[in-house]
1. Express the carbon and sulfur contribution to the solvent-accessible surface of the chain as a percent, rounded to the nearest whole number, probe 1.4 angstrom.
2. Where the Cα atoms of region 99-183 are projected onto their three principal axes, how long is each span, largest first, in whole Å?
3. Leaving out same-chain residues fewer than 8 places away, which aspartates and glutamates sit with a Cα under 17 Å from that of Lys118?
4. Suppose we keep just the alpha-carbon trace of region 29-143; what are its Rg and Dmax in angstrom?
5. Among the lysines, which fall within straight-line cross-link reach of Lys28, defined as a Cα-Cα distance under 29 Å, with same-chain neighbours fewer than 8 residues apart omitted?
6. For region 151-194, with equal point scatterers placed on the C-alpha atoms only and solvent neglected, what are the log10 I(q)/I(0) values from the Debye formula at q = 0.16, 0.30, 0.31, 0.34 1/Å, to two decimals?
7. Where does the chain land at 222 nm, in deg cm²/dmol rounded to the nearest 500, when only DSSP H runs of n ≥ 4 count, each adding -39500 (n - 2.57), divided by all residues?
8. If you average 1/r over all unlike Cα pairs in the chain and invert the result, what Kirkwood radius do you get in angstrom?
Amino acid sequence: MVGATAAAGAPEGAGAGTVRTDEPVLAKVTLTVNGQRRDLELDTRTSLLDAAREHLHLTGSKKGCDHGQCGACTMIVDGRRINACLTLAVMYQGAEITTIEGLGQPDHLHPMQAAFVKHDGYQCGYCTPGQICSGVAVLEEIKAGIPSHVTADLEAAPQVTEAEIRERMSGNICRCGAYSNIVEAMTEVAGARA
Ligand code: FES
Ligand code: FES
């Protein structure tokens, strides 16, 4: 905020022609969220997470750290998982954004949601929307043959092993320590789909 500081220290009347950096810059943006087109006018600094939670009232995606360190805000954008707290909503015009609300509903759960329930893949549930979105995307990554840090043979298709799941899910922190059950849930979904 160097500009703002400089402006604050400027003598009165000296502002003519200067650009104030403390005023929000608004932009119209159209997002496609869970298959629905949503038209918004946002401060260009709005994160994708805040756009979903504060403007679209999709509060399933959680704000854990707001620093890209916990994975609670994970969404799926054009098939890839992202930390929605670390990216700006205005960058996603035209993208297909899926939040936990778009994966399934209580009366029609996504297979990953159902597996988390079956295997007790959560306790407090705060990290769970991010875990589930990440879990869905991770199985797609493996299916697409994308290797990870623990893939031993880069010329062979990666398999859904416990090591692969733990490595690929390592950006999703669970304070309650439900990791073992999350691995079981993902393994079951991968097996059911194979
Ligand atoms: Fe986005 Fe923690 S809230 S990574
Ligand atoms: Fe509580 Fe993961 S279930 S933080």
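1. Details: 5790 of 10990 Å².
Here carbon and sulfur together make up 53 percent of the probe-accessible area.
2. 41, 25, 20
3. Within the straight-line cut-off, Lys118 pairs with Asp107, Glu184, Glu188.
4. When restricted to the Cα atoms of region 29-143, Rg and Dmax are 13.6, 41 Å.
5. Qualifying lysines at Cα under 29 Å: Lys62, Lys63.
6. -0.47, -1.12, -1.15, -1.23
7. The per-residue figure over the chain is -8500 deg cm²/dmol.
8. Details: mean 1/r = 0.0541 Å⁻¹.
For the chain, inverting the mean 1/r across all distinct Cα pairs yields 18.5 Å.
The values are calculated or read from the model by the stated rules, or taken from the named source; none is laboratory data. As the structure is a prediction and not an experimental result, all values here were calculated from the model. Cβ: placed from backbone, ideal geometry, glycine included. Neighbour counts: every protein chain shown. Only protein heavy atoms, including side chains, enter the accessible area calculation; ligands, DNA and RNA are left aside. Shrake-Rupley method; radii C 1.70, N 1.55, O 1.52, S 1.80 Å.
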